[in-house]
Ligand code: DX5
Ligand code: ZN
């Protein structure tokens, strides 16, 4: 399978959101990565449904919605309604993970689980068949522009082995501090989807940076 790139809209220019959405549309990127933060689960607040709805109006690629909120089960239907295609919830944010994943499937979205840096991949052993994707955080969630944590590689390798052993097609996504320096190593460790925010949007030519990441990974 081709490896995927998902630029993180958190690093876009919100005063020029349509321009940045069109940039992603016209680039080699595969998905829009959309970070929702509630100021409780993570110490930061980002944006919610109205902004996602506005992005959806112009986006020509799937919306990969990363929920960094407490009890995400309260809002699954609303996120589906404003246009989410993939919804990922943190393992640490919901007590009945199985039920929350079913809720996501029932509204017609692909369901994924996110792990914080210190949550071992082994907690997903039994729920893995239900995961379209597992997102391994390579930073402490809450902010863009942080330094990539090396512990990520061993987690990706372990998860890749679990997926192979269970003969599944679950995707592995990485989020936080992804650049041209670690992209290849992450793919070699077993990743399928790389999220990249500030590295893409702060570069001189985001379209070229996306093309470069895509080339490194494939
Ligand atoms: C942080 C978010 C990330 C963030 C990544 O909690 O989940 O998606 O936008 O940004 P960079 O690529 O700048 O680390
Ligand atoms: Zn994210």
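Bear in mind that the values in this text are calculations on the coordinates, not laboratory data. Quick caveat: nothing in here was measured; it's all calculated off a predicted structure. Note that each Cβ is placed from the backbone with ideal geometry, even for glycine, and that neighbours are counted across all protein chains shown.
Quick one: if the Förster radius is 41 Å, what FRET efficiency do residue 15 and residue 166 give, using the C-beta to C-beta distance and rounding to 0.05?
Efficiency computed from Cβ-Cβ geometry: 0.35.
Percentage of Cα-Cα pair distances in the range 59-178 greater than 21 Å, rounded to whole percent?
Roughly 36 percent, rounded to a whole number.
For every helix of n ≥ 4 consecutive DSSP H residues, a contribution of -39,500 (n - 2.57) applies; sum these over the chain, divide by its total residues, and give [θ] at 222 nm rounded to the nearest 500 deg cm²/dmol.
-9500 deg cm²/dmol
Once label points are set 7 Å from the Cα along Cα→Cβ at both residue 205 and residue 154, what is their separation, rounded to one decimal in nm?
For residue 205 paired with residue 154, the spin-label model returns 4.0 nm.
Of the beta bridges DSSP finds with both residues in the chain, what % are antiparallel, to the nearest 5?
Taking every DSSP beta bridge within the chain, about 5 percent pair in antiparallel fashion.
Relative contact order for the chain using alpha-carbon pairs under 8 Å, separation at least 6, rounded to a whole percent?
Value for the chain: 22 percent.
Taking the chain on its own, what percent of its Cα-Cα pair distances exceed 33 Å?
In whole percent, the long-distance tail amounts to 7.
Going 7 Å from the Cα of residue 184 toward and past its Cβ, which residues in the range 1-27 have a backbone nitrogen under 20 Å from where you end up?
1-6
For the pair residue 58/residue 218, report the inter-label distance in nm, with labels modelled 7 Å from Cα in the Cβ direction.
Using points 7 Å along Cα→Cβ, the separation is 2.4 nm.
Quick one: Cα centre-to-centre distance for the range 133-183 and the range 197-217, in angstrom?
So the separation of the two Cα centres works out to 18 Å.
Using only C-alpha atoms and all pairs of different ones, pull out the Kirkwood radius for the range 174-218 in Å with one decimal.
Mean inverse Cα-Cα distance, inverted, gives 10.4 Å.
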